[in-house]
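Before any comments, here is the structure.
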Number of protein chains: 2
Amino acid sequence: MTTIKEVAARAGVSQATVSRVLNGNPRVSAVNRQRVEAAIQELGYRPNTLAKSLVTRRTHSAGMIVGSLGGPFYGDIMHEAERVLSRAGIHLIVTAGNDHLEEERSAVEFLLERRCDCLILHVNELPDHELARLAQDGPPLIIINRLLPEHAAHCIWLDNEKGAYLATRHLLERGHRHIACIAGPADKCDSNERIAGYRRALHDFGVTYRPEWLVHGHFAENGGYEAARVLLSRQSDITAAFCANDFIAVSAMEAFREAGLSVPDDISVVGFDDVMFTRHVMPRLTTIHFPVREMGRRAGLLALHLMGMAEGEAASGRLQPELVVRASTRSLG
Amino acid sequence: MTTIKEVAARAGVSQATVSRVLNGNPRVSAVNRQRVEAAIQELGYRPNTLAKSLVTRRTHSAGMIVGSLGGPFYGDIMHEAERVLSRAGIHLIVTAGNDHLEEERSAVEFLLERRCDCLILHVNELPDHELARLAQDGPPLIIINRLLPEHAAHCIWLDNEKGAYLATRHLLERGHRHIACIAGPADKCDSNERIAGYRRALHDFGVTYRPEWLVHGHFAENGGYEAARVLLSRQSDITAAFCANDFIAVSAMEAFREAGLSVPDDISVVGFDDVMFTRHVMPRLTTIHFPVREMGRRAGLLALHLMGMAEGEAASGRLQPELVVRASTRSLG
DNA sequence: ATAGTCCTTGTAAACGCTTTCACAACATCT
DNA sequence: AGATGTTGTGAAAGCGTTTACAAGGACTAT
């Protein structure tokens, strides 16, 4: 790899002059500028960002942690954040935390060691106080899909409770009174918020919640299949099910179908997230739209903001879910 | 940020000793080792990888370029590659090229400037000779989903032609003789290879290809909708369609349905890629399985190999597609 | 005693860049 | 004339690490 020194030698100037050309410093004579540019071309010189960052203390990069590099949810977030950031010359470095405490910690460590100018975190296991400490003595921090009350200005989150409320209310308004809830893992707060919204809706409509209506699945693909079977085995005359996400909903529908129940004729199903493929499943899934892309976009914007690179309002805050009615729910009777 | 110097001062030793502790060098007395470790804890010291890499000339990172950070295809590739690499202590840095020449170039530049130890490229626009040059004077290079004949040992690609052949043959074996092809964009080589496979199959079964059977869509979501409508407008009595990917297939099915055609009763449809949701669409899509995850895994493995960190065989080479028969195709008559 | 090992430690020179400072050369004002 | 800017330039210090290399101390073998 050629260095700035060699370029300087070739151009017959000092390193300082080459550096000035590289950084667009106007205090360089036209002659020298040309010479340097020629030398750069000829040698195929490529500045070493490591060295540069070492002295400038800026890496022009934002670090992001997501649950996993795969999957439609994170894909959209990364994609949108990257769009916003790259337009401002900031590169996004993404790493997976895999919803695992140790991995999340080491991911943070990794990004910190790389001296990212800003951190965008989607972490499940890292406890609040560690995040708080990080926010205090690290680079600017943005937390997505989670609310730290003391750091709300750095958080972007979804009103999960409301989403679940909307979904359940939709079922109630269509006359359903025996409504199951296939929730996510019991230890995720997303999951619990959604359960809360479900219960509030029941309560508002004067329906008494029954424990046998609730069952837990996991958020990944096929997460709802087993859960739905458990539910069915309980014989609890349900006519509708609110599912904590679309994967659960789709795989639960499969289980229902196998049990001879038709969706939506025998049982109505609502999902959550509105991931891309919900439009293509049959019946097309009624679900709660999660503005993921907006979340990604805002994360990028807020990052720029905190790095002092964006004008206008900060983009933190709560995002609103919306009900999308399709074909997997119908009125009772 | 605390530096190694401060740690040294606090522990009452030299920087060199701290560095030795950091790097697990055994030539440090137990006493000093403890002192240093204590100092590190107390100060919350975090080594600066930038500085480290500057001198060691290793960044312990592999750079990857994909078309976009979103989407199931790249998601899987990134995910699998990351799994393999992170287990070996190598971090994956992913950047999007957005299938755009300039962006791909600048993505390469970015990764090169970051001094990644290895590059994994999924690029569409970058011409062969630029890749060849890169392979020559840059870090180890891996090219996925594309074959550079002179660099086959660094490539991992899919036999697209064969996949298309299998798909088309399946339709032919079921008695179809008027088979459309909804291809991808005409300028992508994936797309053209798949067209070639389609035509070879027709030829092998003695069916004469007709130009009005071919229509181009794009690979993204809904890419097949318009294309299918064009196809229908041609009145070409087709009974089956081979689609160049699953997104095309799914949106084409929608167009067929809108036109009053039932899949598979009136028209059979085969997709390509076998992305996750094809199992959940209705009718469940017959498609060609593209071993994406295997491709990602191999890319990671090959990267390790080229960095001299893996034992065993190199993982380059051609991946085989497989036909997955589901419910969107049926026998004619 | 003396020389030869083996360990542990510190000193100082890199790594490739930016940036401050000083200085020369020249232009512009009293 | 002299004083005062203005510009373009290079020398050198520093960013936070690693890593020769050398040196000192504690042994052992003569």
Is it the case that the range A:44-57 has a residue that's among the aromatic types (Phe, Trp, Tyr) and part of a helix (DSSP H, G or I)? no
Tell me yes or no: at least one residue of the range B:147-157 is of a type outside the set (D, E, K, R), more than 10 Å from chain A (Cβ to nearest Cβ) and touching a Cys at 6+ places or on another chain (Cβ under 7 Å). yes
Kindly list, by first and then second residue, each pair from a residue in the range A:8-33 that is basic (Lys, Arg) to a residue that is near DNA strand C (Cβ under 8 Å from one of its atoms) and in a helix (DSSP H, G or I), limited to pairs with Cβ atoms under 7 Å and residues at least 6 apart or on different chains. A:Arg27/A:Arg20
Being exposed (fewer than 14 other Cβ atoms within 10 Å of the Cβ) and free of Cβ contacts under 8 Å to residues at least 12 places away in the same chain is the filter; apply it to the range A:34-56 and report the residue that is farthest from DNA strand C (Cβ to nearest atom). A:Gln34
Among the residues of the range A:60-81, is there at least one that is assigned to a helix (DSSP H, G or I), more than 9 Å from chain B (Cβ to nearest Cβ) and closer than 18 Å to A:Leu301 by Cα? no
Among (1) modelled with pLDDT of 95 or more; (2) within 15 Å of DNA strand D (Cβ to nearest atom); (3) assigned to a loop (DSSP other than H, G, I, E, B), where does A:Arg27 come up short? (1)
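Rundown of residues vs (1) crowded, with 18+ Cβ neighbours inside 10 Å; (2) without any contact (Cβ under 8 Å) to a residue 40 or more places away in the chain; (3) small (Gly, Ala, Ser), yes/no style:
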{"position": "A:Gly260", "(1), (2), (3)": "no, yes, yes"}
{"position": "A:Val270", "(1), (2), (3)": "yes, no, no"}
{"position": "A:Gly296", "(1), (2), (3)": "yes, no, yes"}
{"position": "A:Leu302", "(1), (2), (3)": "yes, no, no"}
{"position": "A:Gly308", "(1), (2), (3)": "no, yes, yes"}
{"position": "A:Arg326", "(1), (2), (3)": "no, no, no"}
Answer yes or no as to whether B:Ser19 is part of a helix (DSSP H, G or I) and within 8 Å of another protein chain (Cβ to nearest Cβ). no
Condition test on B:Arg10, is it surrounded by fewer than 17 Cβ atoms within 10 Å (Cβ to Cβ) and either farther than 30 Å from A:Ala220 by Cα or away from DNA strand D (no atom under 16 Å from the Cβ) (or both)? no
Checking B:Val269 against (1) in contact with an Asp or Glu (Cβ under 7 Å, 6 or more places away or on another chain); (2) at pLDDT 95 or above; (3) within 14 Å of chain A (Cβ to nearest Cβ), which test does it fail? (1)
When only residues in the range A:159-171 that are of a type outside the set (Asp, Glu) and touching a helix residue (DSSP H, G or I) at 6+ places or on another chain (Cβ under 7 Å) count, which is farthest from A:Asn192 (Cα to Cα)? A:Arg169
Flag for A:Arg133 being assigned to a loop (DSSP other than H, G, I, E, B), outside the structural domain of A:Val207 (by TED's automatic domain parsing) and modelled with pLDDT under 95: no
Total residues in the range A:233-247, condition over 13 Å from A:Leu285 (Cβ atoms) and in contact with an Asp or Glu (Cβ under 6 Å, 6 or more places away or on another chain): 2
Condition broken by A:Ala107, with the remaining ones in (1) within 11 Å of DNA strand C (Cβ to nearest atom); (2) surrounded by 21 or more Cβ atoms within 10 Å (Cβ to Cβ) satisfied: (1)
Inside the range A:52-71, can you point out the residues that are more than 14 Å from B:Phe110 (Cα to Cα) and either of a type in the set (D, E, K, R) or within 16 Å of DNA strand D (Cβ to nearest atom) (or both)? A:Leu54, A:Val55, A:Thr56, A:Arg57, A:Arg58
Are any of the residues in the range A:1-8 part of a helix (DSSP H, G or I), among the acidic types (Asp, Glu) and within 13 Å of chain B (Cβ to nearest Cβ)? no
In the range B:1-22, which residues are away from DNA strand C (no atom under 12 Å from the Cβ) and not hydroxyl-bearing (Ser, Thr, Tyr)? B:Met1, B:Glu6, B:Arg10, B:Leu22
Within the range B:185-201, which residues are in contact with a strand residue (DSSP E or B) (Cβ under 7 Å, 6 or more places away or on another chain) and not hydroxyl-bearing (Ser, Thr, Tyr)? B:Pro185, B:Ala186, B:Arg194, B:Ile195
Tell me which residues, restricted to the range B:176-235, are closer than 18 Å to B:Leu323 by Cα and of a type in the set (Lys, Arg). B:Arg194, B:Arg199, B:Arg200
Got a number for residues in the range A:150-194 being modelled with pLDDT of 95 or more, over 19 Å from the mean Cα position of the chain (by Cα) and either surrounded by fewer than 19 Cβ atoms within 10 Å (Cβ to Cβ) or not in a strand (DSSP E or B) (or both)? 14
Could you please give the count of residues in the range B:297-318 that are out of contact with any Asp or Glu (no Cβ under 6 Å at 6 or more places or on another chain) and part of a strand (DSSP E or B)? 1
Which is under 23 Å from B:Val108 (Cβ atoms) and more than 7 Å from DNA strand D (Cβ to nearest atom), of A:Gln41, A:Gln34? A:Gln41
If we scan the range B:271-291, do we find a residue that is of a type in the set (S, T, N, Q) and more than 16 Å from B:Gly224 (Cβ to Cβ)? no
Quick one: in the range A:85-104, of everything that is surrounded by 22 or more Cβ atoms within 10 Å (Cβ to Cβ) and in a helix (DSSP H, G or I), which residue is farthest from the other protein chains (Cβ to nearest Cβ)? A:Glu104
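The values are calculated or read from the model by the stated rules, or taken from the named source; none is laboratory data. Just so you know, these numbers come straight off a predicted model, no measurement behind them. Note: ideal-geometry Cβ built from the backbone for every residue, glycine included; neighbour counts use all protein chains shown.
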